[in-house]
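Colleague: Here you go, one structure.
The values are calculated or read from the model by the stated rules, or taken from the named source; none is laboratory data. This structure is a prediction, so every number in the text was calculated from the model and none was measured. Counting neighbours? That spans all protein chains shown, and the Cβs are built from the backbone with ideal geometry, glycine included.
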Amino acid sequence: MTAAYDYVIVGSGVAATLVCDRLLEANPLTSILVLEAGERIPARDRRSWWDLVLAKRTPYSITYDDDKAGGESQESYSVGNVLWTFKESRVRAYGGSTMHWGGWSLRFKEEDFECRSRTGRGADWPFGYSTLEPWYELAEQKLGVGGALKDEGPRRRWGYPLPAYPWSAHESELAGAFEKHGLKPGHMPIARFKRCMTTGTCKYCPIGARYSAQDHMDALLYEPAHANFHLKTGAPVRRIVANRNRVNGVEYHDAMTGEWLVAQGAKVIVCAGTYESAKLLLASTSPEWPTGLGNRYDQVGRYIVTHLLFSVEGTRKDNPQGWFQEYDFPTLMSRSWDTPEKQADGKMFVFNNRALPKIEFDTLMMQGKSRKEIDEIVKGPRRAGLSAFVEEFGDPQNRLSLAPGTGKFGLPKTRISFSRRNPARFMATVTAAQAKLAECLASLGYERNEPTKENPRGDHASGVCRMGHSPDSSVTNGNLAVHGIENLFVCSNAVLPNAAAVNPTLTLGALALRLGSWLAEESR
Amino acid sequence: MAEFWDETLPVDMLAPGDQPLSREEVDLLWSLFRAIATHWETEKIDPELMRSRWLDMLEARSSGQVDFRGEYRHAAAVWKVMVDKLTEPVAITKLFADTVVTKEDQAKSRIAHVKFYVANDFIRCFVAKGGFRGFVEKARNHTGFMGGSRFREWPPVRTGDRR
């Protein structure tokens, strides 16, 4: 059984949604099939909201990778000299990881596009910041980003679409300490699609205030003018069907019928996140592409990188104001270590720990504590924390590959080999930064707590189908087309040549809007 | 002889049955919810202002997976016996101060079921829907509370000198 579409898109996260947004804006009758391996998870659902508030149970946690070592259900494997953390790093469902993200929406900086030229490490982008700047503007509008124009960051022509969230009292105090320690405080730019003004909406939003691709994609699907726009969930794609230097469509599993079907498409766009995008190319072998599509030079899967998240916590003896984290997200950040001067050693992005100070009134009450006891705890010791992402650089020895078997969504299992060439030097840089952040906390009376071991988390994984000019050092070109295949595109964090120091989602959104607009223009 | 509320029960959740909660059962559960404010002396927070949100919770948790109606009905019955036999102030202390059940495998008696499956949820609902202000008067927001507005007349959280 076959079907023919102008575009077949694999994945339904922010990248797929924004590509569709542009294609349908240009021509509402464009025929598009979006294939999502996962299912629709509840959103704007009262019951799920109460389950979160009462039982702290999220509707998406069942989609997380199972990385428990040794079990039959294990889906992902870390095999390098640094433990790569898979758990809770991505949502495999309609809407992708925007179903659990915090909405942090930061632009990369000008120097991030010239990483190789400036530092001799990582890779340069095939274009500069100025090329992406208008698409950043549009992405901020689409995602509803609130931020402050005066804060540190890359060049901007205009302010943010929405105002910044004000710092909480605790963050206001921390901001003063930042200034005294050479960190210019700023406001975290956060995506709030429909102008949420509050908290309690971050892990899971019952009113669609936080930007989620599911919300946005639903709006496109329910638009009557989009008569040829279709989405299928429970439809894992196992390979892209290629004929020499063209692709014809994809082969996917239809959960409703149990059949393997081919969806034919004039163009195929892989928007399946970093892991699945690379794995799909690797799994799509053909006589012309025996090691996978776009992999003639063994580039697919290489250069995997993510951010190490490191933290510092401290405790002070009292909490006279009864402060606790009224937001469930940080609004204080600093990009003072995210500068050209810091680039060669790895830039850092500093932010407040979203969960501290913490007072768990409900837990204390359930434990049978009296009012007097709770009052003493409220005014008693207060914890605070600061965290940072640190940039690491793509290294050809670090790679993602296919592991034998398939996981719970019918997708191939994942193996990641990630090692640092000089781990002692890297950790010394982290330790020095932790000491500076601890000084910040100490200036406010916080005594440093015991540090915990830090491992890279897969949330911001990128690099495995990186953009570049040449097929022997990259997988896609500046238009996100796979080298050597004229109608196959990759639009996920996999294409980022370097990770910079900040969250990648806004940059991916800008790339998706640019790709969608370019394809629409090309088809005219 | 063991009191009614001390009788043994399996730890598994009670079956919900087919019927919706009766008006009397809802009223008894509401009195249990109100008792939270009494016990923790959060008199500045009027529980009546939380009633619609509490009812929303009750309705949302009375269907789907997992359906709590069996536990709600049982809690209403146990609470009624406790109040009738002990008086409300003593029943409140017994349930909220003397009975601590934070793990499912501890829910081995009637009162333990009430505490684990119903009272603990009511406590979380109470805190999230405004009860946190009973402990920290000037606090404005809390996970699950959704205080704030589409408009920017006032910030949604306590702020400091720097904004």
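Colleague: Being surrounded by 16 or more Cβ atoms within 10 Å (Cβ to Cβ), at pLDDT 95 or above and more than 29 Å from residue B:20 (Cα to Cα) is true for just one of B:116, B:126, B:135, B:122. Which residue is that?
Modeller: Numbers: B:116 fails: more than 29 Å from residue B:20 (Cα to Cα); B:126 fails: more than 29 Å from residue B:20 (Cα to Cα); B:122 fails: more than 29 Å from residue B:20 (Cα to Cα).
So the residue among B:116, B:126, B:135, B:122 that is surrounded by 16 or more Cβ atoms within 10 Å (Cβ to Cβ), at pLDDT 95 or above and more than 29 Å from residue B:20 (Cα to Cα) is B:135.
Colleague: Collect the residues in region A:134-181 that are outside any helix (DSSP H, G or I), touching a strand residue (DSSP E or B) at 6+ places or on another chain (Cβ under 9 Å) and either away from chain B (no Cβ under 13 Å) or closer than 25 Å to residue B:138 by Cα (or both), keeping them in residue-number order. Don't jump to the end; show me each part of the working.
Modeller: Here is the first cut: in region A:134-181, the ones outside any helix (DSSP H, G or I) are A:144-168, A:181.
The next check asks that each one be touching a strand residue (DSSP E or B) at 6+ places or on another chain (Cβ under 9 Å); those that pass are A:144-148, A:150-153, A:160-168.
Of everything in region A:134-181, those that are outside any helix (DSSP H, G or I), touching a strand residue (DSSP E or B) at 6+ places or on another chain (Cβ under 9 Å) and either away from chain B (no Cβ under 13 Å) or closer than 25 Å to residue B:138 by Cα (or both) turn out to be A:145, A:147, A:152, A:153, A:160, A:161, A:163, A:164, A:165, A:166, A:167, A:168.
Colleague: On to the next question. Go over the candidates B:58, B:28, B:32 one by one and state the one that is surrounded by 18 or more Cβ atoms within 10 Å (Cβ to Cβ), assigned to a helix (DSSP H, G or I) and within 12 Å of chain A (Cβ to nearest Cβ).
Modeller: Numbers: B:28 fails: within 12 Å of chain A (Cβ to nearest Cβ); B:32 fails: within 12 Å of chain A (Cβ to nearest Cβ).
Unique residue meeting the criteria: B:58.
Colleague: Could you please let me know if residue A:475 is more than 27 Å from residue A:310 (Cβ to Cβ), out of contact with any helix residue (DSSP H, G or I) (no Cβ under 6 Å at 6 or more places or on another chain) and crowded, with 24+ Cβ neighbours inside 10 Å? Let's see the steps before the verdict.
Modeller: On the way: more than 27 Å from residue A:310 (Cβ to Cβ): yes; out of contact with any helix residue (DSSP H, G or I) (no Cβ under 6 Å at 6 or more places or on another chain): yes; crowded, with 24+ Cβ neighbours inside 10 Å: yes.
So residue A:475 fits the description; yes.
Colleague: If a residue must be more than 11 Å from every other protein chain (Cβ to nearest Cβ) and at pLDDT below 95, how many such residues does region A:321-341 contain?
Modeller: Start the filter on region A:321-341 by keeping residues that are more than 11 Å from every other protein chain (Cβ to nearest Cβ), which leaves A:330, A:333-341.
The next check asks that each one be at pLDDT below 95; those that pass are A:330.
So the answer is 1.
Colleague: Return yes when residue B:111 is away from chain A (no Cβ under 11 Å), crowded, with 19+ Cβ neighbours inside 10 Å, under 19 Å from the mean Cα position of the chain (by Cα) and within 20 Å of residue A:375 (Cα to Cα) and no when it is not.
Modeller: Working: away from chain A (no Cβ under 11 Å): yes; crowded, with 19+ Cβ neighbours inside 10 Å: yes; under 19 Å from the mean Cα position of the chain (by Cα): yes; within 20 Å of residue A:375 (Cα to Cα): no.
No: the conditions fail for residue B:111.
Colleague: Also: When you go through (1) farther than 21 Å from residue A:179 by Cβ; (2) part of a loop (DSSP other than H, G, I, E, B); (3) facing chain B (nearest Cβ under 10 Å) one by one for residue A:365, which number turns out not to apply?
Modeller: Among (1) farther than 21 Å from residue A:179 by Cβ; (2) part of a loop (DSSP other than H, G, I, E, B); (3) facing chain B (nearest Cβ under 10 Å), residue A:365 violates only (2).
Colleague: Follow-up question, since we're still on this one. Determine if region B:63-84 includes at least one residue that is in a loop (DSSP other than H, G, I, E, B), within 7 Å of chain A (Cβ to nearest Cβ) and at pLDDT below 95.
Modeller: We begin by selecting, within region B:63-84, every residue in a loop (DSSP other than H, G, I, E, B); these are B:63-68.
Subset that is within 7 Å of chain A (Cβ to nearest Cβ): B:64.
Keeping just the survivors that are at pLDDT below 95 gives B:64.
Yes, the conditions are met somewhere in region B:63-84.
So that you can scan it fast, the table gives a plain yes or no per residue for (1) within 14 Å of chain B (Cβ to nearest Cβ); (2) surrounded by 21 or more Cβ atoms within 10 Å (Cβ to Cβ); (3) more than 27 Å from residue B:65 (Cα to Cα); (4) β-branched (Val, Ile, Thr):
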{"position": "A:6", "(1), (2), (3), (4)": "no, no, yes, no"}
{"position": "A:14", "(1), (2), (3), (4)": "no, yes, yes, yes"}
{"position": "A:19", "(1), (2), (3), (4)": "no, yes, yes, yes"}
{"position": "A:23", "(1), (2), (3), (4)": "no, yes, yes, no"}
{"position": "A:28", "(1), (2), (3), (4)": "no, no, yes, no"}
{"position": "A:39", "(1), (2), (3), (4)": "no, no, no, no"}
{"position": "A:50", "(1), (2), (3), (4)": "yes, yes, no, no"}
{"position": "A:56", "(1), (2), (3), (4)": "yes, no, no, no"}
{"position": "A:69", "(1), (2), (3), (4)": "no, no, yes, no"}
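Colleague: Hey, could you check region A:350-380 for residues that are touching an Asp or Glu at 6+ places or on another chain (Cβ under 9 Å) and crowded, with 23+ Cβ neighbours inside 10 Å and say which is nearest to residue A:434 (Cα to Cα)?
Modeller: Going through the qualifying residues, I end up with A:350.
Colleague: Let me ask something else. List, please: which pairs have Cβ atoms under 6 Å, are six or more places apart or on different chains, and start with a residue in region A:360-376 that is farther than 16 Å from residue B:36 by Cβ and end with one that is not in a helix (DSSP H, G or I)?
Modeller: Once the first residue is farther than 16 Å from residue B:36 by Cβ and sits in region A:360-376, no partner that is not in a helix (DSSP H, G or I) comes close enough.
Residues checked against (1) more than 15 Å from residue A:512 (Cα to Cα); (2) touching a residue at least 60 places away in the same chain (Cβ under 8 Å); (3) part of a strand (DSSP E or B):
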| position | (1), (2), (3) |
| --- | --- |
| A:6 | yes, yes, yes |
| A:19 | no, yes, no |
| A:38 | yes, yes, no |
| A:43 | yes, yes, no |
| A:53 | yes, yes, no |
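Colleague: For region A:212-258, list the strands (runs of 3 or more DSSP E) that sit wholly inside it and hold at least 1 residues that are among the hydroxyl-bearing types (Ser, Thr, Tyr); which are they?
Modeller: By residue number, A:246-253.
Colleague: Also: Among the numbered criteria (1) over 18 Å from residue B:130 (Cβ atoms); (2) within 14 Å of another protein chain (Cβ to nearest Cβ), which single criterion is violated by residue B:14?
Modeller: Of (1) over 18 Å from residue B:130 (Cβ atoms); (2) within 14 Å of another protein chain (Cβ to nearest Cβ), only one is false for residue B:14: (2).
Colleague: Answer yes or no as to whether residue A:150 is among the basic types (Lys, Arg) and free of Cβ contacts under 8 Å to residues at least 24 places away in the same chain. Let's see the steps before the verdict.
Modeller: On the way: among the basic types (Lys, Arg): yes; free of Cβ contacts under 8 Å to residues at least 24 places away in the same chain: yes.
Yes, satisfied.
Colleague: Might you check whether a residue that is assigned to a helix (DSSP H, G or I) and of a type in the set (Val, Ile, Thr) occurs anywhere in region A:506-520?
Modeller: Taking region A:506-520 as the starting set, the residues that turn out to be assigned to a helix (DSSP H, G or I) are A:506-520.
Then keep just the ones that are of a type in the set (Val, Ile, Thr); that gives A:507.
Yes, there is a match, as at least one residue in region A:506-520 is assigned to a helix (DSSP H, G or I) and of a type in the set (Val, Ile, Thr).
Colleague: When you scan region A:422-454, how many residues do you find that are more than 28 Å from residue A:113 (Cβ to Cβ), not in a helix (DSSP H, G or I) and not aromatic (Phe, Trp, Tyr)?
Modeller: Summing the residues that are more than 28 Å from residue A:113 (Cβ to Cβ), not in a helix (DSSP H, G or I) and not aromatic (Phe, Trp, Tyr) in region A:422-454 gives 10.
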